[in-house]
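Note sheet for the following structure.
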Amino acid sequence: MIEMQDVYKKYPNGVTALNGINVRINQGEFVYIVGPSGAGKSTFIKLIYREEVPTSGTILMNGVNLAKLRPKKVPHYRRNIGVVFQDYKLLPTLTVYENVAFALEVIEAQPKYIKKRVMEVLDLVGLKHKARMLPNELSGGEQQRISIARSIVNSPKVVIADEPTGNLDPETTWEIMKIFEEINNRGTTLVMATHNRDIVNTLKRRVIAIESGKIVRDEQRGEYGYEN
Ligand code: ADP
Ligand code: ADP
C-alpha cells in the first residue's frame, strides 16, 4: 500500500535527510522505523502523511503519487491517515470528546454517527469515562490514548506514529503498545518510528533501520540493533 521508489529529501538548508529510499509496506503490516538521531526517521514519516514532499522520487500510497499530489488535495488525503505524535498535539481548549470528534465534524458526518463512533474509539482506548475532561486534566499516557483515538476515528487504513511513547514511562508505554497492537490486529497498517529498544525486541515485528538517510536493514521480526 505504501511504496517509495528512489526517494531523496534535501531540505532547503542543504541537509540531505533521505538518500535513495526504496521500500514497500503492505496493507496490515506493523513496521518499526529505527535508527540514530538525525538518521531521517521523522522525515520518512513526514513524507508518508505529506507534511513534506520528496526532492525526487516517487511515493505511492494506494497508487496515488504523493510527490505529485496537489496542495489542494492534501487535507483530503490526510483524512485517510491517522497520525500520532510524541507530544500528542491535542487541542487544549477542546474536551477529550471534542478533540476526537473534530475529524468527523470536518467531514460533516452525521451527528448521530459522530457520537456513536467517538464513544466507540474512546472505549477502545479505555477513556470513555473521561470524555468531558480537558487534555491538561489528563496524564501523559491518557493524552496519548486520546490522540490515538483521534487518529483512528476516521477508520484510516494506515496509522503513522513518530516516537509515540517518547514521553511516557515504561508501564504506560506498554499500555499504549497494547492499543497499537489491537489497532493493527484489526487490519490497520502501522508505521512507527521509535527509540524504544525494549518494545522492538519484545514485540517482534518488521524492523526498517535508517542511517544517514539510507535503509541499512529491513527484517521481518527484526531487532532494535542499537545500544539505545
Ligand atoms: P530522525 O527523525 O531520525 O532524528 P530527521 O528526519 O528528523 O531524523 O532528520 C534528518 C536530518 O534532516 C537531520 O540532519 C536533521 O537535522 C535534518 N532536518 C530535519 N528536518 C529539517 C528541516 N525542516 N529543515 C532542515 N533540516 C532538517
Ligand atoms: P494544520 O493545517 O496546522 O496542519 P490540521 O488541520 O492538519 O492542522 O490538524 C489539526 C490538528 O489535528 C493538529 O494538531 C494535527 O497534528 C492533528 N492531525 C491532523 N491530521 C491528523 C490525523 N490524520 N490524525 C491525527 N491527528 C491529526
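Taken together, the values in this text are just the output of simple stated rules run on the coordinates, not laboratory data. Keep in mind the model is a prediction, meaning the values are calculated, not measured. Virtual Cβ from ideal backbone geometry, glycine too; neighbours counted across all protein chains shown.
Filter segment 41-72 down to the residues that are away from ligand 1 (no atom under 16 Å from the Cβ), in a helix (DSSP H, G or I) and not aliphatic (A, V, I, L, M), then identify the one that is nearest to Val216 (Cα to Cα).
Lys68
When Ile45 is evaluated against the numbered criteria (1) away from ligand 2 (no atom under 16 Å from the Cβ); (2) touching a strand residue (DSSP E or B) at 6+ places or on another chain (Cβ under 7 Å), which criterion, by number, is the only one it fails?
Ile45 satisfies every listed condition except (1).
Can you confirm whether Thr173 is part of a loop (DSSP other than H, G, I, E, B) and of a type in the set (Val, Ile, Thr)?
So Thr173 does not fit the description; no.
Quick one: how many residues across segment 127-146 are surrounded by fewer than 23 Cβ atoms within 10 Å (Cβ to Cβ) and in contact (Cβ under 8 Å) with a residue 24 or more places away in the chain? If you could, list the steps in order and put the result at the bottom.
If we filter segment 127-146 for residues that are surrounded by fewer than 23 Cβ atoms within 10 Å (Cβ to Cβ), which is where we start, we get 127-143.
Applying the additional criterion that residues be in contact (Cβ under 8 Å) with a residue 24 or more places away in the chain yields 127, 130-136, 138-141, 143.
Within segment 127-146, residues that are surrounded by fewer than 23 Cβ atoms within 10 Å (Cβ to Cβ) and in contact (Cβ under 8 Å) with a residue 24 or more places away in the chain number 13.
Can you tell me how many residues in segment 80-106 are buried (at least 18 other Cβ atoms within 10 Å of the Cβ), aliphatic (A, V, I, L, M) and in a loop (DSSP other than H, G, I, E, B)?
Residues flagged as buried (at least 18 other Cβ atoms within 10 Å of the Cβ), aliphatic (A, V, I, L, M) and in a loop (DSSP other than H, G, I, E, B) within segment 80-106 amount to 1.
Taking segment 47-79, which residues are buried (at least 18 other Cβ atoms within 10 Å of the Cβ) and closer than 23 Å to Pro164 by Cβ?
Correct list: Leu47, Ile48, Tyr49, Arg50, Glu52, Ile59, Met61, Leu66.
Select from segment 107-126 the residues that are among the β-branched types (Val, Ile, Thr) and assigned to a helix (DSSP H, G or I) and write down the one among them that is surrounded by the fewest Cβ atoms within 10 Å (Cβ to Cβ).
Applying the filter and picking the extreme gives Ile114.
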